[in-house]
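Written out below as structure tokens is the structure these notes cover.
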Amino acid sequence: WTYGDGGGRVFRSTDGGATFTLVHTVTGNGGGERGELEASSTNPNKFYILSQLSQANSSSPTIEVKLEMTTNAFGSVSTITLPPASGESRLTTYGFTGAQAFYDLVLESDPNNDAIIVAGGINLAKSTNSGTSWTQISNWSSANLVHSDQHAIIFNPNDTDQVLFGNDGGVYYCP
């Protein structure tokens, strides 16, 4: 991932890192500033790309993230649906990261089923169909309390129904 040049880029090496070829450039709202590249554990050609776009601001509110997927090793890339952004006004204005994707942006796929993905920003959301639809699984400001500002997601490799979440409040366990 490259920074500061108006767009995130994904490169591939087929010779152990001696040379790299550009395979994808994040576009939209100024390009990618920060990104999460999630590789499938079951399909070597499938990747999810979650990127922060240009910084949202109060004078020009915009959704600041983009979620994409390739199933053919970057032969083509499709934009997919973003996780829900409900609750407080900054989420409904800027998306599930609430204008702070520079700080809290994470994506992880189930190592046994790459159609199951969990995304984190301020809250957490889960998709069981490669991002076609999402269910919000945490809301930091309600009774469904998982602290805000998600930074890490880890599936238990022996039981992927068990997930650990790392955020500003510590570590949360979901059995």
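The values are calculated or read from the model by the stated rules, or taken from the named source; none is laboratory data. Being a predicted model, the structure only gives us computed values, none of them experimental. Virtual Cβ from ideal backbone geometry, glycine too; neighbours counted across all protein chains shown. Ligands, DNA and RNA are excluded from the accessible area calculation, which covers all protein heavy atoms including side chains. Shrake-Rupley method; radii C 1.70, N 1.55, O 1.52, S 1.80 Å.
Here are the numbers:
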| read-out | value |
| --- | --- |
| Leading residue by the ranking (nearest to R90 (Cα to Cα)) among those in the stretch 140-175 that are over 17 Å from the mean Cα position of the chain (by Cα) and polar (S, T, N, Q) | S141 |
| Residue in the stretch 96-139 that is farthest from the chain's Cα centre (by Cα), counting only those that are at positive phi and not aliphatic (A, V, I, L, M) | G98 |
| Residue satisfying condition, being surrounded by 15 or more Cβ atoms within 10 Å (Cβ to Cβ), among the acidic types (D, E) and at pLDDT below 90, within set D104, D168, D114 | D104 |
| Filtered residue count, the stretch 129-165, keeping only those that are free of Cβ contacts under 8 Å to residues at least 40 places away in the same chain, under 22 Å from F102 (Cβ atoms), open to solvent by 50 Å² or more (accessible area, probe 1.4 Å) and not aromatic (F, W, Y) | 1 |
| Sole exception among (1) open to solvent by less than 50 Å² (accessible area, probe 1.4 Å); (2) free of Cβ contacts under 8 Å to residues at least 60 places away in the same chain for K126, by number | (1) |
| Within the stretch 2-28, considering residues that are surrounded by 17 or more Cβ atoms within 10 Å (Cβ to Cβ), in a loop (DSSP other than H, G, I, E, B) and in contact with a Lys or Arg (Cβ under 8 Å, 6 or more places away or on another chain), the one modelled with the highest pLDDT | V26 |
